[in-house]
Amino acid sequence: MHDRTGADIHMANTDNPGEGATTGTRTVVPDDVLIILPIRNTVVFPGAVIPLTIGRRVSLAAAEEAAASGRPIGLALQRDPTVDEPGADDLHPVGTVARVIRYFTARDGTQHVVCQGEERFRTLDYLHGLPFLAARFDAVTEQRTDSTALEARMLILRERALEAIALLPQAIPELGAFIQGISDPGQLADLVAGHLDIKPEQKQEILETFDVQARMDRVLDLLSHQLEVLKLSRQVDEQTKDKLEGHQREFYLREQLRTIQKELGDSGEAGEFDALREAIDKAGMPEEAETQARKELRRLERMPEASGENSMVRTYLDWLVALPWSKLDTEAIDIARARQVLDEDHFGLGKVKQRILEYLAVRKLNPEGRSPILCFVGPPGVGKTSLGQSIAKALGLKFVRASLGGVHDEAEIRGHRRTYIGALPGNVIQQIRKAGTRNPVFMLDEMDKLGAGFQGDPSSALLEVLDPEQNGSFRDNYLAVPFDLSKVFFVATANVLETIPGPLRDRMEIIELPGYTQEEKLEIGRRYLVDRQLRANGLSATQVCLGDDALAEIVANYTREAGVRHLERQIGAVLRNIAVRISEGSATEVKVDAAAVNEILGARKYESEVALRTSTSGVATGLAWTPVGGDILFIEATSMPGKGQLILTGQLGDVMKESAQAAFSLVKTRAETLGLGSFDFEKRDLHVHLPAGAIPKDGPSAGVALFMAIASLLTGRKVRSDVAMTGEISLRGLVLPVGGIKEKTLAALRAGIHTVLLPARNRKDLEDIPESARQQLEFIWLETVDDALAVALQ
């Protein structure tokens with residue numbers, strides 16, 4: 001419900017003012033005909049007085065005729081307010097008969113008519129040939145039923161109308177008194193409906209409701225809804241006003257408190273500003289950062305504490321003063337001590353340790369030189385992360401670490417801009433603040449698992465961090481001032497190099513960590529893992545003795561990995577079983593041997609299957625490289641009647657399929673040499689399968705093994721069970737070099753292989769193979785597939 005300018009005045013425009021209209025000779029209208037004035041976007045109820053602005057030709061003619069003749073006029077609502085020349089079909093059939101009180105022209109030339117509604121009417125038919133709309137009509141008589149029901153509705157309607165008026169701050173006092181004075185139910189319903197803030201179509205519906213009781217029910221429904229809206233609006237307005245008054249009161253009180261503290265000489269907030277100013281002085285910031293910090297501090301001093309930006313500026317200043325702009329820890333580089341620390345923390349890894357010591361020696365001789373970025377690449381569990389901790393320990397520097405696995409937002413590296421709510425610097429600046437120094441050992445872990453999304457590419461953001469030419473002025477988005485990262489010793493780790501983008505890989509020095517041999521695992525378990533698991537399970541060396549034979553049993557038959565994580569878990573499983581016995585009191589000292597390991601861990605999980613797999617012809621053992629180290633790969637071939645097709649199964653990639661096709665073609669071309677002159681390739685299908693079909697396999701390095709499996713099948717000669725091979729083949733029979741030699745040979749050693757066939761052009765990789773593995777394996781260097789046939793076939 002909304003207020004009007006008077007008790008029964010409804011202001012509305014029905015026409016476009018300014019449209020010209022001419023009046024001609026006066027038209028005589030019969031007494032039973034009503035002059036019709038079409039109106040737009042408003043409904044006039046009986047009893048209401050309303051001024052209308054008119055401008056259309058027919059409207060001007062109708063108003064002039066009604067004013068001149070003193071005849072009543074019919075006000076009918078247009079169905080479509082956009083129609084400028086409405087006809088009979090464009091008007092609602094029910095309207096209000098009104099008396100023209102006044103017709104006048106305003107100073108601006110617009111025509112106005114003031115009408116008062118008297119009763120409802122219904123049009124019967126329209127007359128034609130007149131300069132205005134006119135129609136024969138019937139006056140509508142209101143229908144009344146039970147007077148008691150009407151009185152009850154009238155009482156409720158009056159109460160709710162007065163309640164709505166009380167909620168309207170702009171309502172005139174006379175309106176309530178006018179409502180109180182109405183005794184006719186129909187008139188009260190029309191008055192309330194005329195003042196309701198509803199659509200014209202809804203008002204027209206009320207106008208066309210002739211039954212007074214039904215009309216009052218409809219008005220009550222609409223008024224109740226409007227009343228709920230007014231109550232809710234009043235509640236929201238009061239809450240907003242109370243909140244604003246609370247903020248204003250808090251602001252005035254804080255201003256008074258500042259004045260009082262200033263007069264009394266107390267520090268208060270001014271003391272906090274002094275503390276920030278002192279912290280900026282002591283931070284040792286570069287000129288650009290210090291200028292920015294002092295600028296923000298001046299803004300903070302002028303800013304009310306209740307301001308939303310106050311906390312944002314304060315947090316920004318806290319970050320600026322907390323960063324170690326000028327703090328550098330002293331590096332105690334002692335090469336002998338560094339070697340001792342590395343040997344104590346890690347077994348083996350001779351080349352890796354040597355490269356680290358070389359770096360430390362150069363850093364000692366040239367402290368101002370740029371720090372290289374080392375990247376340790378190797379299978380899981382070989383000690384990449386712990387190497388970074390050992391470097392920090394050897395240098396006497398702080399160690400911080402940021403895990404990059406799954407990071408797909410550039411803001412994780414460079415931070416968010418301060419305009420965002422909850423913005424923070426990136427992980428690089430956060431970890432530097434945590435270290436409290438500008439030259440920590442900073443490990444970027446799992447770099448090969450960086451992602452990329454619509455938020456940006458974090459690997460591209462790392463280019464600036466890891467470039468010695470650029471990281472002296474690294475600019476975090478949150479700080480918006482440069483920070484010097486040139487003294488940070490960055491160490492990265494990854495499992496594979498292929499997923500690291502080329503430009504990022506180019507900025508790092510790659511150091512590959514091989515998998516461990518069984519002897520190295522045994523030594524690592526004896527030196528580190530057993531003691532660590534004893535402490536983790538609350539046991540001591542006097543209570544448990546885990547012998548070398550037990551460790552060797554776990555290494556050989558319960559683990560098959562490049563690292564030692566699973567080995568440590570298996571040792572822990574053994575010790576937990578013993579901890580139960582000691583806790584129950586059934587034992588005080590336990591000696592664990594190989595038999596006890598089998599009893600605790602159950603049946604052996606890994607055994608050498610080479611002898612079983614190669615007991616028939618058509619089976620060869622290949623060597624494969626995986627992200628977690630090397631592995632052996634069995635290739636099986638069989639033949640059946642068919643049409644000369646080559647069938648490949650085992651979830652092979654395109655490259656491996658092409659390698660198998662090349663091997664089959666090579667066998668065909670050497671059929672005479674292999675003694676297969678009588679074999680009919682056109683009537684036999686060849687099926688090559690690689691077990692473990694759920695695991696995808698790809699690459700060209702299985703070419704030699706594929707050739708040997710097919711040759712073994714067709715010649716009937718078995719491949720030696722202690723031989724494994726790797727190498728790419730060409731259609732001329734040449735054996736081409738492949739990668740991952742070190743990982744593949746260690747996998748062969750773990751699987752019980754004694755002889756390894758390798759491409760001759762991979763002889764240069766022999767020095768990368770650990771010495772212990774070289775002594776246990778026999779290496780056969782292949783120039784052509786004929787060399788493999790001579791050695792591998794029985």
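Somewhere in region 172-190, is a residue open to solvent by 70 Å² or more (accessible area, probe 1.4 Å), among the hydroxyl-bearing types (Ser, Thr, Tyr) and either in contact (Cβ under 8 Å) with a residue 60 or more places away in the chain or in contact with a Ser or Thr (Cβ under 7 Å, 6 or more places away or on another chain) (or both)? Within region 172-190 (the criterion being open to solvent by 70 Å² or more (accessible area, probe 1.4 Å), among the hydroxyl-bearing types (Ser, Thr, Tyr) and either in contact (Cβ under 8 Å) with a residue 60 or more places away in the chain or in contact with a Ser or Thr (Cβ under 7 Å, 6 or more places away or on another chain) (or both)), the answer is no, since none of the residues qualifies. Scanning for something open to solvent by less than 30 Å² (accessible area, probe 1.4 Å), at pLDDT below 90 and part of a helix (DSSP H, G or I), does region 724-742 turn up at least one residue? Among the residues of region 724-742, at least one is open to solvent by less than 30 Å² (accessible area, probe 1.4 Å), at pLDDT below 90 and part of a helix (DSSP H, G or I), which makes the answer yes. Of the residues making up region 287-300, those that are open to solvent by 60 Å² or more (accessible area, probe 1.4 Å) and in contact (Cβ under 8 Å) with a residue 24 or more places away in the chain number 1. Screening the candidates 363, 401, 355 for the property of being open to solvent by 20 Å² or more (accessible area, probe 1.4 Å) and outside any helix (DSSP H, G or I) yields one hit, 401. Open to solvent by 50 Å² or more (accessible area, probe 1.4 Å) and out of contact with any Cys (no Cβ under 8 Å at 6 or more places or on another chain): is that true of residue 450 in this structure? Here the answer is no, as residue 450 does not meet what is asked.
Note on region 657-681: residues that are open to solvent by less than 70 Å² (accessible area, probe 1.4 Å), on the phi < 0 side of the Ramachandran plot and in a loop (DSSP other than H, G, I, E, B) total 7.
Being open to solvent by 40 Å² or more (accessible area, probe 1.4 Å), assigned to a helix (DSSP H, G or I) and charged (D, E, K, R) holds for only one residue in 519, 553, and it is 519.
A count restricted to region 629-656 and to residues that are crowded, with 18+ Cβ neighbours inside 10 Å and touching a residue at least 60 places away in the same chain (Cβ under 8 Å) stands at 8.
Among residues of region 83-94 that are open to solvent by less than 20 Å² (accessible area, probe 1.4 Å), those with a Cβ under 9 angstrom from a residue that is assigned to a helix (DSSP H, G or I) and among the aliphatic types (A, V, I, L, M), sequence gap 6+ or separate chain, pair up as 86/58; 94/207. Among residues of region 426-438 that are on the phi > 0 side of the Ramachandran plot and open to solvent by 10 Å² or more (accessible area, probe 1.4 Å), those with a beta-carbon under 9 Å from a residue that is charged (D, E, K, R) and not in a helix (DSSP H, G or I) at least six positions away or on a different chain give the pairs 436/327; 436/329; 436/398. Per the listing 684, 774, 717, the residue uniquely over 21 Å from residue 619 (Cβ atoms) and either in contact with a Lys or Arg (Cβ under 8 Å, 6 or more places away or on another chain) or open to solvent by 40 Å² or more (accessible area, probe 1.4 Å) (or both) is 774.
Rundown of residues vs (1) at negative phi; (2) outside any helix (DSSP H, G or I); (3) touching a Gly at 6+ places or on another chain (Cβ under 6 Å), yes/no style:
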{"position": "332", "(1), (2), (3)": "yes, yes, yes"}
{"position": "343", "(1), (2), (3)": "yes, no, no"}
{"position": "348", "(1), (2), (3)": "no, yes, no"}
{"position": "376", "(1), (2), (3)": "yes, yes, no"}
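Among the conditions (1) closer than 23 Å to residue 433 by Cβ; (2) surrounded by 15 or more Cβ atoms within 10 Å (Cβ to Cβ), the only one that residue 348 does not satisfy is (1).
Among the residues of region 135-150, some residue qualifies, meaning at least one is open to solvent by 50 Å² or more (accessible area, probe 1.4 Å), of a type in the set (Ser, Thr, Tyr), at pLDDT 80 or above and over 30 Å from residue 28 (Cα atoms). Tell me yes or no: at least one residue of region 40-57 is open to solvent by 20 Å² or more (accessible area, probe 1.4 Å), closer than 21 Å to residue 128 by Cβ and out of contact with any Asp or Glu (no Cβ under 6 Å at 6 or more places or on another chain). Yes: one or more hits.
The values are calculated or read from the model by the stated rules, or taken from the named source; none is laboratory data. Owing to the predicted nature of the structure, the values given are computational and were not obtained by experimental measurement. Quick reminder, even Gly has a Cβ in these numbers, built from the backbone with ideal geometry, and neighbours come from all protein chains shown. Heads up: the accessible areas ignore ligands, DNA and RNA and are worked out on the full protein's heavy atoms, side chains in. Shrake-Rupley method; radii C 1.70, N 1.55, O 1.52, S 1.80 Å.
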